[in-house]
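Report on the following structure.
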Amino acid sequence: MEEKKLIVRKAREEETASIETVTLAAYEQYAAVKSEAHWKRYRKGILHTLSEEKKFECIVAEIDGEMAGSVLFYPPNTDVYGGLLKPFPWAEIRLLAVAPSHRRKGVANALLEACEKKSRELGCSYLGLHTDHSMEHAIKLYTKRGYVRFPDNDFYPVKDLHVMAFRKSV
């Protein structure tokens, strides 16, 4: 079996629609474990976050020219969560997404490695992220890669949603 080539790079402007498609496809699995109201709110939040293009750099992974995944990289001291938390003195990532057809091919690890490298290049001590309990596979990936809970930065964007902070020394 021929090995497919995985490339991680900065997204191009014309890839906005592909990034949105991949991100929504990747997160669609959570519609089944969240209440309908919560999923609708979450999906709307994903689309809103993706539209805030000046706040972040989008990093994508492609396999043989096909969009396989993406992640949003926020530099230190950016208002990542619309005023819900103070800006962090470290970089933060959001919406790590891997197309369902490209899972288990190293895409998420490659995207995380690119973000960790970028954090080091910016002189950051940490790379942070937030997730919730429903994202069990993501939490396993993050902890396996050395991300640890950082409860000081947990928050509740709505009453019934505990968003957990993680960070990794880079």
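The values are calculated or read from the model by the stated rules, or taken from the named source; none is laboratory data. Since the model is a prediction, treat every value here as computed from it, not as a measurement. Every residue, glycine as well, gets a Cβ built from its backbone with ideal geometry; the counts of neighbours run over all protein chains shown. Just so you know, the surface numbers come from the protein's heavy atoms only, side chains and all, with ligands and any DNA or RNA stripped out. Shrake-Rupley method; radii C 1.70, N 1.55, O 1.52, S 1.80 Å.
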(request) Write out the trypsin sites (Lys or Arg not before Pro) in region 67-109 meeting two conditions: DSSP loop, and at most 11 other Cβ atoms within 10 Å of their Cβ. (result) ARG104
(message) Skipping prolines and chain starts, which residues have an amide H placed within reach, meaning under 5 Å, of the one on ALA68, given they are 5 or more residues away or on another chain?
(response) ALA61, GLU62, ILE63
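Got the relative contact order for the chain handy, in percent, Cα pairs under 8 Å and 6 or more residues apart?
Reported relative contact order: 20 percent.
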(request) Output ³J(HN,Hα) for region 70-76: one whole-Hz value per residue in order, computed from phi by the Karplus curve 6.51 cos²θ - 1.76 cosθ + 1.60 with θ = phi - 60°, and x for Gly and Pro. (result) 7, 8, 9, 10, 10, x, x
(message) Compute a Gaussian network model of the chain, connecting alpha carbons closer than 10 Å, and tell me which residue from ALA99, ALA114, ALA37 fluctuates the most.
(response) ALA37
(request) Rank these by accessible area, largest first, 1.4 Å probe: ILE139, ILE59. (result) ILE139, ILE59
(message) Taking amide H atoms as placed 1.01 Å from N in the peptide plane, list the residues 5 or more away in sequence, or in a different chain, whose amide H sits under 5 Å from that of PHE88.
(response) ASN77, THR78, VAL80
(message) Strictly over 29 Å apart at the Cα level, which of LYS117/LYS159; LYS54/LYS168; LYS4/LYS40; LYS10/LYS159; LYS10/LYS86 would you flag in this model?
(response) LYS117/LYS159; LYS4/LYS40; LYS10/LYS159
